[in-house]
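Student: Pasting a structure below so you can have a look.
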Amino acid sequence: MLVWSIGSSLAEEGHDVIALTKTNFETKKLKHFEKNIKTWQYQPIESYFDQFRGMEKQLLQSGIKRALKGQPPEMRADMIEYLYNETIAIVENKELMNKIRDYKFDGAILDGFLLARFFVIIPYHFGIPIFTVTESQIDPVFQPISLPSYIPHLLSPFTEIMSFTERLSNFFTYIVLFNPTLRNLIIPQMPTDYLFKKFVRDDKIKHWDDLIAKSELFIITRNHMLEYAAPTWPNAVVVHSITVRPSKPLSENFEKLVSKHPDKKIVYVSFGSHGDLLPVSISLQLLEAFRSMDDIHFIWSYRFPENESINFPSNVDIVPWAPQNDLLGHDRVSVFITHGGNNGQSESVYHGKPMLCIPLFAEQPHNAVRIAYRKYGKYLFLHHFSKEKLQFLLREVLNNNVYAKNVRRASEIIKSQLVPDIKRITHEIVTVTKYGSSHLKSYGQSMPFYQYFSLDMLIFLVWASISALIVFSLVSYYAYKKLKSFFISCMKKKVE
């Protein structure tokens with residue numbers, strides 16, 4: 001929804017905004033944007049679409065199972081293949097491609113998520129300026145200024161203060177991710193064959209990263225109120241979040257819900273759009289933990305399997321959907337139990353609500369650790385999960401005022417901005433479409449990783465030092481032999 005939010009803001013300022021969507025796109029996702037954004041549709045590869053929905057679910061379930069064992073998530077090559085073929089479905093649609101060419105777009109806003117990067121080939125082919133939205137301030141495609149010595153990678157559970165072994169691990173992660181050849185040894189390779197042969201004429205462009213790196217602006221949705229403070233390039237716009245906004249009054253049903261137990265603190269619980277994939281065993285443990293904390297009213301956005309016969313406690317209300325932003329902005333809600341998604345954390349900080357994070361997969365462990373580091377709350381990994389630990393940590397977040405104090409301070413700083421993030425982004429996009437971004441780009445963003453990290457200089461210095469040491473050793477040895485021979489000769493003469 002990040003890209004849609006930017007498009008909607010541009011449309012509100014009078015710009016024409018058009019979105020490319022599949023013919024089977026779920027229209028409910030357009031609820032907040034359809035009045036502002038026009039859509040051009042293309043026919044997806046149907047046989048692949050059903051497979052993709054199954055693959056997506058399997059990947060998420062696999063991620064949770066691996067999290068229960070304390071293992072990192074895995075990337076599936078078949079999902080990459082699906083999205084690659086989706087891009088081919090667009091470029092093979094001659095009518096749509098001609099329509100894009102003839103419209104003379106001033107810019108294209110793209111999701112910088114790794115699996116969505118194939119779509120960059122379309123604006124690149126037509127010479128349309130590219131604006132990339134990314135959640136990472138150390139995305140290799142724009143050669144971040146920050147160093148691995150103090151900025152942990154998005155998929156690592158480290159903070160900015162790392163031990164020697166953590167810095168070593170983080171350093172090698174940087175090296176691998178900055179080099180597409182090395183990265184392909186770990187992550188399934190992103191194909192280039194057909195699309196590159198058809199649309200890319202520049203021999204210097206060898207990977208999808210090279211295309212994304214041509215973006216005029218990078219919009220980074222992780223600012224210093226959540227993420228670790230780090231320098232970045234002038235063509236990177238760092239914002240707290242695109243989706244946060246002031247809360248609206250709750251509907252009558254939800255207002256009744258939050259007023260149901262006026263003498264109890266309210267804890268809102270949600271594990272995001274994929275929270276229904278949470279193992280039933282974990283969900284039942286959560287329910288039992290909530291049952292024994294009857295001085296707290298829990299509002300949980302979740303769908304239990306219909307075949308489960310469950311005795312729900314009186315202090316827990318299960319709802320299939322909740323207006324999360326508006327609930328977090330309500331005065332009666334005290335704490336947010338979350339999986340640690342970036343949007344949910346951003347909304348919670350914006351409204352000044354401390355958190356208990358139970359990360360599931362992907363970058364969520366990183367997000368959870370930084371929440372504890374900032375003292376906005378606590379976290380509990382799935383492979384350490386127990387009812388007792390959950391209760392202890394939740395009591396700590398509820399009763400220790402330091403978490404509420406810190407997150408409220410962060411909320412006040414964010415709300416004190418003179419220009420909202422979304423307006424700042426639209427202003428930057430409009431300015432760049434008018435004047436270009438050459439004044440914002442640095443040569444450092446296009447340097448090979450070994451030059452950027454001065455690895456060639458380090459290798460040269462090591463080689464020079466070793467060479468000097470060898471030469472010094474040889475000269476010293478030669479001088480020693482000469483002096484030894486000289487003294488022996490002198491001693492012999494004295495004896496004679």
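Throughout, read-outs are computed from the coordinates displayed, never taken from laboratory work. All figures in this text were calculated on a predicted structure; none of them were measured in a lab. Virtual Cβ from ideal backbone geometry, glycine too; neighbours counted across all protein chains shown.
Student: Estimate the FRET efficiency between K493 and I466 by the formula 1/(1 + (r/R0)^6), using the beta-carbon distance for r and 35 Å for R0, to the nearest 0.05.
Tutor: Working from the Cβ atoms, E equals 0.30.
Student: Shifting gears a bit: Leaving out same-chain residues fewer than 8 places away, which lysines sit with a Cα under 18 Å from that of K387?
Tutor: Answer for K387, where 18 Å is the Cα cut-off: K69, K378, listed by chain and number.
Student: Report the relative contact order of the chain, percent, no decimals, based on alpha-carbon pairs under 8 angstrom and at least 6 residues apart.
Tutor: Taking the mean separation of contacting Cα pairs over the length of the chain, I get 15 percent.
Student: I've got another one for you. With each pseudo-label sitting 7 Å past Cα toward Cβ, what's the I187-K248 distance in nm, one decimal?
Tutor: 3.6 nm
Student: Sort 482-492, 431-441 by the packing proxy (mean of other Cβ within 10 Å over each peptide's residues), most packed first.
Tutor: Averaged packing, sorted descending, gives the order 431-441, 482-492.
Student: Same structure, new question: Please arrange L20, L327 by counting, for each residue, the other beta carbons lying within 10 Å of its beta carbon, fewest first.
Tutor: Least to most surrounded, the residues fall as L20, L327.
Student: Assuming 0.36 nm per residue, please report the length gained on full extension of the stretch D202 to F113 beyond their Cα-Cα distance. Intermediate values should be presented prior to the final figure.
Tutor: Values: separation 89, 0.36 × 89 = 32.04 nm, distance 2.37 nm.
Stretched fully, the D202-F113 segment lengthens by 29.7 nm.
Student: Using the 10 angstrom Cβ neighbour count as an exposure proxy, how do V333, V319 rank, fewest first?
Tutor: Taking fewest neighbouring Cβ atoms as first place, the list is V319, V333.
Student: How many nm is it between the label spots at H384 and S259, if each spot is 7 Å from the Cα in line with the beta carbon?
Tutor: So the two model labels end up 4.1 nm from each other.
Student: Skipping prolines and chain starts, which residues have an amide H placed within reach, meaning under 5 Å, of the one on K265, given they are 5 or more residues away or on another chain?
Tutor: Here H297 satisfy the definition.
Student: How far, in nm, would the chain grow between W321 and Y480 when pulled straight, counting 0.36 nm per residue and subtracting the alpha carbon separation?
Tutor: Length gained between W321 and Y480: 48.8 nm.
Student: Now a separate question. In a solvent-free Debye calculation with one equal scatterer on each Cα, what is log10 I(q)/I(0) for the chain at q = 0.11, 0.13 Å⁻¹, listed in the order of the q values?
Tutor: -1.03, -1.41
Student: Order these by the 10 Å Cβ neighbour count, fewest first: E216, E12.
Tutor: Taking fewest neighbouring Cβ atoms as first place, the list is E12, E216.
Student: Can I ask one more? Over the Cα atoms of segment 154-293, how large are the radius of gyration and the largest Cα-Cα distance (Dmax), in Å?
Tutor: Looking at segment 154-293, its Cα Rg and Dmax stand at 23.0, 68 Å.
Student: Find how many whole Å separate the alpha carbon centroid of segment 353-383 from the alpha carbon centroid of segment 79-139.
Tutor: Rounded to whole Å, the Cα centres lie 33 Å apart.
Student: Excluding same-chain residues fewer than 8 positions from K248, which lysines have a Cα within less than 23 Å of its Cα?
Tutor: K28, K29, K31, K35, K256, K260, K264, K265, K353, K415, K423
Student: Farthest toward the dipole's positive end in the chain, which of A236, H339, L195, given Cβ charges of +1 (Lys, Arg) and -1 (Asp, Glu) about the Cα centre?
Tutor: Of A236, H339, L195, it is A236.
Student: In the chain, which whole DSSP H runs stretch at least 30 Å along their own axis (Cα) and average -1.0 or higher on the Kyte-Doolittle scale? Before the final figure, lay out the partial values.
Tutor: Numbers: long enough: 46-68 (34 Å, -0.71); 455-495 (59 Å, 1.07).
Qualifying helices, which must be both long enough and hydrophobic enough, are 46-68, 455-495.
Student: Under 5 Å between amide hydrogens, which residues at least 5 positions from T21 or on another chain qualify, with H placed 1.01 Å from N in the peptide plane?
Tutor: Distant-sequence amide H within range of T21: W40, Q41, Y42.
Student: Could you give me the ³J(HN,Hα) list for segment 235-240, computed from phi with Karplus coefficients 6.51, -1.76, 1.60 and θ = phi - 60°, whole Hz, x at Gly and Pro?
Tutor: Taking θ as phi minus 60°, the curve returns 8, 10, 9, 9, 10, 5 Hz for segment 235-240.
Student: If amide H atoms are built 1.01 Å from N in the plane of the peptide, which residues on other chains or at least 5 residues away come under 5 Å of the amide H of A236?
Tutor: Counting only residues 5 or more places away or on other chains, the set is F218.
Student: While we're here: Go ahead and run the numbers for FRET between F105 and Y150, Cβ-Cβ distance against an R0 of 30 Å, rounding to 0.05.
Tutor: The pair F105/Y150 has a calculated efficiency of 0.15.
Student: Right, another one. Cross-link candidates for K204: which lysines have Cα within less than 30 Å, leaving aside residues fewer than 8 places away along the same chain?
Tutor: Answer for K204, where 30 Å is the Cα cut-off: K94, K99, K104, K214, K434, K441, listed by chain and number.
Student: Based on alpha-carbon centroids, what's the gap between segment 178-240 and segment 451-490 in Å, whole number please?
Tutor: About 44 Å separates the Cα centre of segment 178-240 from the one of segment 451-490.
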